[in-house]
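Report on one structure; see the data block that follows.
The values are calculated or read from the model by the stated rules, or taken from the named source; none is laboratory data. Everything numeric here is computed off the predicted structure, so don't read it as measured data. Because the Cβ atoms are built from the backbone with ideal geometry, glycine has one as well, and the counts that use them run over all protein chains shown. Surface areas here come from the heavy atoms of the whole protein model, side chains and all, with no ligands, DNA or RNA. Shrake-Rupley method; radii C 1.70, N 1.55, O 1.52, S 1.80 Å.
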Amino acid sequence: MPKHLSIQTLFADQPVGTRQIVKGWVRTLRNDQFLSISDGSTIKTLQVVISKEQVGEEICKKLQTGACVETEGVLQKSLGKGQEIELICDRIEILGESDPNEFPIQMKRHSLEFLREKAHLRFRTNTFGAVFRIRHHLSFAIHKYFNDRQFFNLHSPIITGSDAEGAGEMFRVTTLDIENPPRLENGSIDNTADFFGKPANLTVSGQLEAELAALALGKVYTFGPTFRAENSNTSRHLAEFWMIEPEVAFNDIQDNMDLAEDFLRYCIRYALDHCKDDLEFLQDREANEDKLKPVDERQALPLIQRLEFVANNTFERITYTEAIDILLQSNHYKKKKFKYDVKWGIDLQSEHERYLVEKHFQKPVIITGYPAAIKAFYMRLNEDGKTVAAMDILVPGIGEIIGGSQREERYDVLLEKCKQFNIPADHIWWYLETRKFGTCVHAGFGLGFERMVMYVTGMQNIRDVIPFPRTPQNAEF
Ligand code: 4AD
Ligand code: MG
């Protein structure tokens, strides 16, 4: 029995003249003779040449889109156009039938919205096959990047008692009977009766724990699921997403920016080098979709050129104050085209961010020195006493992809910040203690993994780059 190889391997090695077994799912059957099979290992399908006489009428009828088959035959160079190799089949077996009247994924264009409702089957399409293969390669690239640079992967907890971002948008984790929770005499819920003896939530970030580890292991990173109960039903927000959070002892905000830029460009280069076929497919797909759009909504550059540009060019670096000045001096502002007002102190809205990266700079931009009041309590206060050593990285088409900062390492200043932000010191006593025992300058950032996958694949909706999106009113599958 010949070994069962993947279609990816058959195309790479082209062992012409050998017997092979191929297992996969039927895409199409043309003229009762040319069967196209996908096994998911590559965007390429294998042409399996059958003869109706040999296979028989019964089996031929069952070779429907979506059916699972095992085929065997001799691999040969293809004489036809469109494929390099093909399998001349002398044995075929239907492993799993697929009723063509019920299988919803047909060989025609389906809208992404339709496919979201069929998330259990959308992996079978070229688009989602490409997206999820690229997602895998990016995940691998991230671990490789850090491992090659002596970072340690830290598994931060998923259930936590703290609210790292202070945003208060958390999912509660409880074993209390929500119909009838135990109550104190004053009527409020008795949290001491809960599983952990106090309120607990799904984590919004592994950063605080990563900091504790960085102050001993030096360089660490987390890569895990993150949960936010913000009710923002946008194309860039998920209730459950994956975040990568490196944290480095002795790095200041400059080092932090250098690391983040190098890291992002590395990942994009990695995708360009390892996902060529899938990127070419997605690039063609995007070009076809663009034809249906008004001219000003189309991409200026094809996908691969956009990625090459980012991999090969340095990012723009500006301060928050400079960003505000650019916005104030823009014609866009003068013509009152922004919905939200612009003045020093505002939290930049996505329309402002997009103007800066898409219209003004037309490349990724790192913004630093945000007003302390609009950023998290742990960010290091600058000498001016009103801005913090924060950094956001914005990219065209997405907006914010990375958020990070140098951390406040001075005990007194941090304690004061906790007071200002109404964070009870006894809730994060362990975090504060690291500032008492061998504190040091350190910095880190968080990359939203799905936003990076969107950027690399060109997909426009974050729901289409995670296998099973969790969004408000939606936790199907
Ligand atoms: O800017 P954020 O909130 O920063 C933090 O959580 C810090 N603790 C990171 C750190 O310094 N270690 O989130 C970081 C990134 C954002 O830039 C964005 O890419 C992504 O996480 N993100 C989301 N992605 C999808 N859906 C959401 N609801 C997201 N919220 C943030
Ligand atoms: Mg942020």
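Expressed as a rounded percentage, what relative contact order does region 1-67 have, with Cα pairs under 8 Å and six or more residues apart?
Computed over region 1-67, the figure is 30 percent.
From the P(r) of the chain, could you give the percentage of C-alpha pairs in the tail past 30 Å?
Across the chain, Cα pairs with separations above 30 Å total 56 percent.
Quick one: helix 320-329 against the long Cα principal axis of the chain, what's the angle to the nearest 10°, folded into 0 to 90?
So the helix axis and the longest Cα principal axis differ by about 80 degrees.
log₁₀ I(q)/I(0) of region 56-103 at q = 0.16, 0.20 Å⁻¹, via Debye over equal Cα point scatterers, no solvent, to two decimals?
-0.56, -0.78
Calculate the translational D of region 226-344 in whole µm² s⁻¹ from Stokes-Einstein, where the hydrodynamic radius comes from the Kirkwood formula applied to all Cα pairs, the temperature is 4 °C and the viscosity 1.567 mPa s.
Using the Kirkwood radius from Cα pairs, D works out to 70 µm²/s.
Please list, ordered by chain and number, the residues whose modelled amide H lies under 5 Å from the amide H of Ile85; skip anything fewer than 5 residues away on the same chain.
Amide H to amide H, under 5 Å and 5 or more residues apart or across chains, Ile85 pairs with Ser78.
Which whole-Hz couplings ³J(HN,Hα) result when phi for each residue of region 175-184 is put into the Karplus expression 6.51 cos²θ - 1.76 cosθ + 1.60, θ = phi - 60°, listed in order with x for Gly and Pro?
10, 5, 6, 5, 6, 8, x, x, 10, 7
Taking only the C-alpha atoms, wrap a convex hull around region 381-477 and report its volume per residue in Å³ as a whole number.
Considering the Cα atoms of region 381-477, their hull volume per residue is 173 Å³.
Rounded to the nearest percent, how much of the accessible area of the chain (1.4 Å probe, protein heavy atoms only) is carbon and sulfur?
50
Please give the per residue accessible area of region 261-350, computed with a probe of 1.4 Å over protein heavy atoms only, in Å².
Ligands and nucleic acids excluded, the result is 60 Å² per residue.
So what is the diffusion coefficient of region 181-259 in µm² per second by Stokes-Einstein at 20 °C and 1.002 mPa s, using a Kirkwood Rh over Cα pairs?
137
May I have the extent of the alpha carbons of region 294-364 along their three principal axes, as whole Å values ordered from largest to smallest?
Principal-axis extents of the Cα atoms in region 294-364, largest first: 37, 31, 18 Å.
Keeping all protein chains in place, calculate the accessible area per residue for region 406-477 (probe 1.4 angstrom), answer in Å².
That works out to 44 Å² per residue.
Please turn the phi angles of region 297-306 into ³J(HN,Hα) values with the Karplus equation 6.51 cos²θ - 1.76 cosθ + 1.60 (θ = phi - 60°), one per residue in order, whole Hz, x for glycine and proline.
Each residue's phi maps through the Karplus curve to give 9, 7, 6, 6, 10, x, 3, 5, 5, 4 Hz.
What ranking do 115-128, 429-442 get when scored by the average of other Cβ atoms within 10 Å per residue, highest first?
Packing proxy ranking, top to bottom: 115-128, 429-442.
In Å³ and rounded to a whole number, note down the convex hull volume per residue for the Cα atoms of region 44-143.
Hull volume over Cα atoms, normalised by residue count, gives 154 Å³.
What number, in percent, do you get for the relative contact order of the chain if the mean sequence gap of Cα pairs under 8 Å and at least 6 apart is divided by its residue count?
Worked out over the chain, it gives 13 percent.
Can you list residues whose amide H is under 5 Å from Val388's amide H, if they're 5+ apart or on another chain and H is modeled 1.01 Å from N?
Here Tyr370, Ala372, Asn382 satisfy the definition.
Please determine, in degrees from 0 to 90 and to the nearest 10, the orientation of helix 253-274 with respect to the longest principal axis defined by the Cα atoms of the chain, where the helix direction is its Cα long axis.
0
Per the helix-only calculation at 222 nm, which mean residue ellipticity applies to the chain, given -39500 (n - 2.57) for every DSSP H run of n ≥ 4 and division by its residues, nearest 500 deg cm²/dmol?
Value at 222 nm, helices only: -9000 deg cm²/dmol.
Using unit Cβ charges (K, R positive; D, E negative) and no other charged atoms, how large, in debye to the nearest 20, is the dipole of the chain about its Cα centre?
With Lys and Arg at +1 and Asp and Glu at -1, about 1100 debye.
Can you give the charge dipole size of region 47-144 about its Cα centre, rounded to the nearest 20 debye, using +1 on the beta carbon of Lys and Arg and -1 on the beta carbon of Asp and Glu?
Here region 47-144 has a charge dipole of around 740 debye.
Using the alpha-carbon atoms, what tilt in degrees (0 to 90, nearest 10) does helix 411-420 show relative to the longest principal axis of the chain?
The angle comes out near 80 degrees.
Considering the options Ala287, Ile423, Gly444, tell which one lies farthest towards the positive end of the dipole of the chain, charges being +1 on Lys and Arg and -1 on Asp and Glu at the Cβ, about the Cα centre.
In the chain, that residue is Ala287.
Go through Leu432, Phe195, Leu272 and say which Cα lies farthest out towards the positive end of the charge dipole of the chain; charges sit on Cβ, +1 for Lys and Arg, -1 for Asp and Glu.
The one lying farthest along the dipole's positive direction is Leu272.
Dipole of region 143-186 (Lys/Arg Cβ +1, Asp/Glu Cβ -1, origin at the Cα centre): which of Gly168, Leu154, Asn180 lies farthest to the positive side?
It is Leu154, whose Cα lies furthest towards the positive end.
So, for region 86-125, what is the accessible surface per residue at a probe of 1.4 Å, expressed in square angstrom?
Averaged over the residues of region 86-125, the accessible area is 61 Å².
How do 76-88, 154-166, 246-258 rank on mean C-beta neighbours within 10 Å, highest first?
246-258, 154-166, 76-88
Determine which aspartates and glutamates satisfy two conditions relative to Lys3: a Cα distance under 20 Å, and not lying fewer than 8 residues away in the same chain.
Asp13, Asp39, Glu70, Glu72, Glu86, Asp90, Glu93
Given Lys219/Lys436; Lys198/Lys375; Lys144/Lys219, which pairs have Cα atoms separated by over 24 Å?
Where the Cα-Cα span goes over 24 Å, the pairs concerned are Lys198/Lys375.
How high is the relative contact order of region 213-327, in percent, counting Cα pairs under 8 Å that sit 6 or more residues apart?
Relative contact order comes out at 21 percent.
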